Each structure stands twice: as C-alpha cells, then as structure tokens.
Amino acid sequence: MLMNSIKKMISKTSSPLILEVKQATYITPNMIRVTFSGSELANIPTGCDGGNCKLTLPNIGQSQDEFVQQLQDGQKFPVRTYTVRAYRKNDLEMDIDFVAHGDEGPASRWAMSAKPGDFCGFRGPSPAKVTDFTADYYIVAADMSALPLAAVTLEAMPRNAKGIALLEITSDADKQIINAPQGINIHWLTHHDPHTPSSAQEDFLRQLTWPSGRIQVCVAGENSTVKSLRKLLLKEKEIQKSDAYISGYWKIGLIEDEHQKLKK
C-alpha cells in the first residue's frame, strides 16, 4: 500500500513527457486523430491500446521551451483524459482521437488546430480497460467520447465473438471502419446534439431479445446515460460486476475537473 501511494505521488508531481505531433487528420467530421511520434514514446509499454492517459495542453502560440519551463516552475495548465487508440512501439507512434466540438474546450481547441511539430504533455497510459474475452455474448455501448475505447475493445475480441455494439455518433458521417468480429452487430445511433440527454442506447437494449449465457459488457460515455445503463445491466439483468467495465467519461454541463470531483 505504501509503495502504491508513493507511485501515485510521483506520478502527480513528476513532469509529463512532451509528445510532438506527427500529423492530425479528421477521420470523420467530428473526430480528429492526432498521431504523436518520437523517442519519448520508447518506454511506453505495449498492450496499452484502450488505456487512459492525461494530456497537459499548452497555451495557444506557446513555445515548447516556455511550456516545459513553466511546467517545471509549477504552473498549472488544462489537463484532460483521453484514450490511447493505438500504440505502435516499433514505429514510436501513438494515435489519440479527439472529438471536435468547437473551441470552447481546451482539448478540442488544441486538436482542431494541431499540426506537425505541435506538442503537449503526456502522463500514462493506464493498462487496457478490457482484456478478458471469455463470454458467450458481448455488449459494447459508447458515445463519441468513448468511441476509441469501444473500437479498441471490439478489435481485441476473439474473431468468433458474438454480440452487439451500440455506438452513438453526432452525424451519420461519423461512422468509422472498425475491425470487429463478424458476429458483432454494430448499430450506429445518431444523436445530433450530444449536449442533450439521450436514451437511445437504453431503448435499444430494452427491446433486445436478451441473450443466454455469460454476458460481458463495456459501457462508457456521458454520465447520465451510463448511470441508466448501469442500472439496467447490473441490477435488472443481473450481469456480474466482474464482467462489466462501466464508466462515465463526462457529464452534460460540466467540464472534466468538475465531473471528476462529482465522481469522487
């Protein structure tokens, strides 16, 4: 326990890695994939696809030297949580996908203007969130914020896996190509205004002919949606907690810092 506390303390106080942008591309109208590259990635463990990381975002127009110096001086910068979409150790490259939702948020604003040579701070990543695939049936549910996690989870499944994925997107054009097993039926649910609550995922599950056997679930996204799905899956359908990864990534009306305080 003491060692874990020391590790957490070191993690919070040590300076983040500085990652540089290799390229930034709109993979759909509302999703930007930023590819980072460089020697700073050499010590990142493999198998971290789907793990969380913390990105520290510089001020607009700030030089890297100034950013690093201010970090060392203890200046605070916006920090946001993201998912590792892909890590290619041999190439020293990492992909992180950002939802493009205007310039009101520091992460979206940074990603929308990101270009080769830009930079940000990086802490992490955590281990992958879903690694055990031994169920008879799988349910994956996510909105745009959790789409990278959903995609990583689907692509990691055994090729004979069966189940459904409910992926809620902002527009029909936000559908992505995901290398999911053929037995996973992907349903794209369009919700044009993500800042209003949606019950589309819950409605779909309530109409589903419930599968038999052991079910594993991976659910993440807006807090109120996730809360409803947690109640449905764990209490009503009695899925075992050990077979469920369920996490609220954000909450309508709150920035990340406020949401994290609420969760605690």
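The values are calculated or read from the model by the stated rules, or taken from the named source; none is laboratory data. Nothing here was measured: the structure is a model prediction, and the numbers come from that model. Glycine also receives a Cβ, built like all others from the backbone with ideal geometry; neighbour counts cover every protein chain displayed.
Laid out as a table, the results:
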quantity	calculated
Subset of the range 21-41 [surrounded by fewer than 16 Cβ atoms within 10 Å (Cβ to Cβ) and either of a type outside the set (Gly, Ala, Ser) or assigned by TED's automatic domain parsing to the domain that holds LYS175 (or both)]	GLN23, THR25, TYR26, ILE27, PRO29
Of the criteria (1) in contact (Cβ under 8 Å) with a residue 40 or more places away in the chain; (2) under 28 Å from VAL130 (Cβ atoms); (3) part of a strand (DSSP E or B), which one THR25 fails	(1)
Failed criterion for ALA128 (all others in (1) in contact with a strand residue (DSSP E or B) (Cβ under 8 Å, 6 or more places away or on another chain); (2) of a type in the set (A, V, I, L, M, F, W, C); (3) outside the structural domain of GLY221 (by TED's automatic domain parsing) hold)	(1)
Qualifying positions in the range 87-104 - in contact (Cβ under 8 Å) with a residue 60 or more places away in the chain and not in a loop (DSSP other than H, G, I, E, B)	GLU93, MET94, ASP95, ILE96, ASP97, PHE98, VAL99
Only listed residue being assigned by TED's automatic domain parsing to the domain that holds LYS237, under 26 Å from GLY253 (Cβ atoms) and at pLDDT below 95, chosen from ASP174, ASP193	ASP193
Among (1) touching a Leu at 6+ places or on another chain (Cβ under 6 Å); (2) surrounded by fewer than 19 Cβ atoms within 10 Å (Cβ to Cβ); (3) basic (Lys, Arg), the one test that ARG88 misses	(1)
